[in-house]
Amino acid sequence: MATHRNSRSPLVINIARLGRRPGSMMTFQETVPSPARIGLELAAIPEGAPLELDLRIESVSEGALVTGTMSAPTTGECARCLTPVTGDVEIDLTELFAYPDSATEATTDADEVGHVVNDSVDLEQPVIDAVGLALPFSPLCGPDCQGLCPDCGIPMATAEPGHHHEKIDPRWAKLSSMLETDDK
Ligand SMILES: [Zn+2]
Ligand SMILES: [Zn+2]
């Protein structure tokens, strides 16, 4: 059955103990391994990294409302100098999952509003979406990253102080341009 597709993802949370009486509430505070690499090209939560979930799940008339936070470590590389960069990301989640047979479920598609399936809510897609918005497209190793040496390509952050290259002596430059003219 298709509904079992994600049943083993650690971001699928069983809410059977919540019940469907509006006003009932449960909390979910657990650290689970990330089911996949989640994030952007240059910064992401690695697969298996700890996702720290601090959630409150309330029964409302049409479904289960999940609110709370998730935080996790990230790895990536500096967009300027490609040095590995580690960090954290914290996201806020507010997600309604419609109960089976509710009017909300009947009038929405699964990709508009999450649905409670087998007494569970699947937070994977909301987490992927929120992390994608929270992470920087161009992470930097530091606010004053000097990037790569334009001449040899090493990260300026790891180069010796005053790293530079002897530019060709202007007199030689003149000579070589004269030689070029002679070639014609
Ligand atoms: Zn950098
Ligand atoms: Zn250099």
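The values are calculated or read from the model by the stated rules, or taken from the named source; none is laboratory data. These numbers were taken from a predicted model, which means no experiment stands behind them. Note that each Cβ is placed from the backbone with ideal geometry, even for glycine, and that neighbours are counted across all protein chains shown. SASA here: full protein model, heavy atoms, side chains in, ligands and nucleic acids out. Shrake-Rupley method; radii C 1.70, N 1.55, O 1.52, S 1.80 Å.
Hey, among Gly153, Gly142, which residue is within 16 Å of ligand 2 (Cβ to nearest atom) and either without any contact (Cβ under 8 Å) to a residue 24 or more places away in the chain or open to solvent by less than 30 Å² (accessible area, probe 1.4 Å) (or both)? Sole residue among the options that is within 16 Å of ligand 2 (Cβ to nearest atom) and either without any contact (Cβ under 8 Å) to a residue 24 or more places away in the chain or open to solvent by less than 30 Å² (accessible area, probe 1.4 Å) (or both): Gly153. Considering segment 64-89, the residues that are crowded, with 21+ Cβ neighbours inside 10 Å and more than 14 Å from the chain's Cα centre (by Cα) include one that is farthest from Ser24 (Cα to Cα), namely Cys81.
Checking Ser120 against (1) open to solvent by 40 Å² or more (accessible area, probe 1.4 Å); (2) under 30 Å from Ile15 (Cβ atoms); (3) touching a residue at least 60 places away in the same chain (Cβ under 8 Å), only one condition comes out false. Which one? Tallying (1) open to solvent by 40 Å² or more (accessible area, probe 1.4 Å); (2) under 30 Å from Ile15 (Cβ atoms); (3) touching a residue at least 60 places away in the same chain (Cβ under 8 Å), Ser120 fails exactly one: (1). Among the criteria (1) in contact with a strand residue (DSSP E or B) (Cβ under 8 Å, 6 or more places away or on another chain); (2) more than 16 Å from ligand 2 (Cβ to nearest atom); (3) modelled with pLDDT of 90 or more, the one Val117 does not fulfil is (1). Among the numbered conditions (1) surrounded by fewer than 18 Cβ atoms within 10 Å (Cβ to Cβ); (2) without any contact (Cβ under 8 Å) to a residue 60 or more places away in the chain, the only one that Ser59 does not meet is (1).
Let's see how each residue does on (1) more than 21 Å from Ser59 (Cβ to Cβ); (2) part of a helix (DSSP H, G or I); (3) at pLDDT below 95:
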residue: Val85; (1), (2), (3): yes, no, yes
residue: Asp92; (1), (2), (3): no, no, no
residue: Ala106; (1), (2), (3): no, yes, yes
residue: Ala130; (1), (2), (3): yes, yes, no
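Scanning segment 90-103 for residues that are under 16 Å from Glu52 (Cβ atoms) and open to solvent by 10 Å² or more (accessible area, probe 1.4 Å) gives Glu90, Asp92. Close Cβ contacts (under 8 Å, 6 or more residues apart or on different chains) running from residues in segment 18-38 that are touching a residue at least 40 places away in the same chain (Cβ under 8 Å) and more than 17 Å from Pro126 (Cα to Cα) to residues that are surrounded by 13 or more Cβ atoms within 10 Å (Cβ to Cβ) and among the aromatic types (Phe, Trp, Tyr) comprise Arg20/Tyr99. The lone criterion from (1) loosely packed, with under 12 Cβ neighbours inside 10 Å; (2) aliphatic (A, V, I, L, M); (3) within 16 Å of ligand 1 (Cβ to nearest atom) left unmet by Leu42 is number (1).
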